[in-house]
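This report concerns only the one structure given below.
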Amino acid sequence: MRISARADYAVRAALQLAASQDGGPVKAEAIADAQDIPHKFLEGILNDMRRGGLVLSQRGGNGGYRLAKPAAEISIADVIRVVDGPLVSVRGVRPPDLSYTGPAQALLPLWIALRSNVREILDGVSLADVASSELPADVSALTDVPDAWTNP
């Protein structure tokens, strides 16, 4: 599974907004500077997040962006889906729409299992969890596996 630059930037921007939730709207330039995200790219991402109902925008001198609902109610998966679409696809196709034959037949349940695990993790972690550095225990436990931090 790959996390695109667009998804990474979107999650980082959402986390910046989550950290600023008690204040007023945050300007795109401030988010871009704080997270080292190219400003023009971020504008497109924020527009997608606005259309997806994750952020609200306000025009004017005191304008900017803010989360549309509390950070605890927005999962990391919500953000990724809004900017990149489905969490797991194979050649751009969702796993239930695939079919295989012969020795490849067991691939379909493998892709479904992968999607299920990705969903479980990303749907189970909110912006508030990450912004507060309080990941759920089951997610934190996965980082304790010895091979988790190494590349095979």
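Summary of values
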read-out: Segment V93-D144, length gained on full extension (0.36 nm per residue, minus Cα span); value: 15.1 nm
read-out: Zone of Y100's modelled label, taken as backbone nitrogen in segment 119-152 under 20 Å from a point 7 Å along Cα→Cβ; value: 119
read-out: In Hz, Karplus ³J(HN,Hα) per residue of segment 13-27 (6.51, -1.76, 1.60; θ = phi - 60°; x = Gly, Pro); value: 5, 5, 5, 4, 5, 4, 5, 9, 4, 7, x, x, x, 10, 5
read-out: Cut-off under 5 Å, modelled amide H: who pairs with V55 long-range; value: R50, A68
read-out: Residue-normalised accessible area of the chain, expressed per residue, 1.4 Å probe, Å²; value: 61
read-out: Reported label for calculated P(r) over Cα pairs in 10 Å bins from 0, in percent given [x] 11, 42, 35, 11, 1; [y] 10, 32, 31, 20, 6, 1, 0; [z] 10, 35, 31, 17, 6, 1, 0; value: [z]
read-out: Solvent exposure, largest accessible area first (probe 1.4 Å, DNA, RNA and ligands not counted), of I3, I74; value: I3, I74
read-out: Carbon and sulfur %, accessible surface of the chain computed with the full protein complex present, 1.4 Å; value: 52
read-out: Virtual spin-label span in nm between E43 and A113, 7 Å along Cα→Cβ; value: 4.7
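The values are calculated or read from the model by the stated rules, or taken from the named source; none is laboratory data. Keep in mind that this is a model prediction, so the values were computed, not measured. Don't worry about glycine lacking a Cβ; one is built from the backbone with ideal geometry, like all the others, and counts go over all protein chains shown. The protein model used for the area step is the full one, side chains on, heavy atoms only, and it has no ligands, DNA or RNA in it. Shrake-Rupley method; radii C 1.70, N 1.55, O 1.52, S 1.80 Å.
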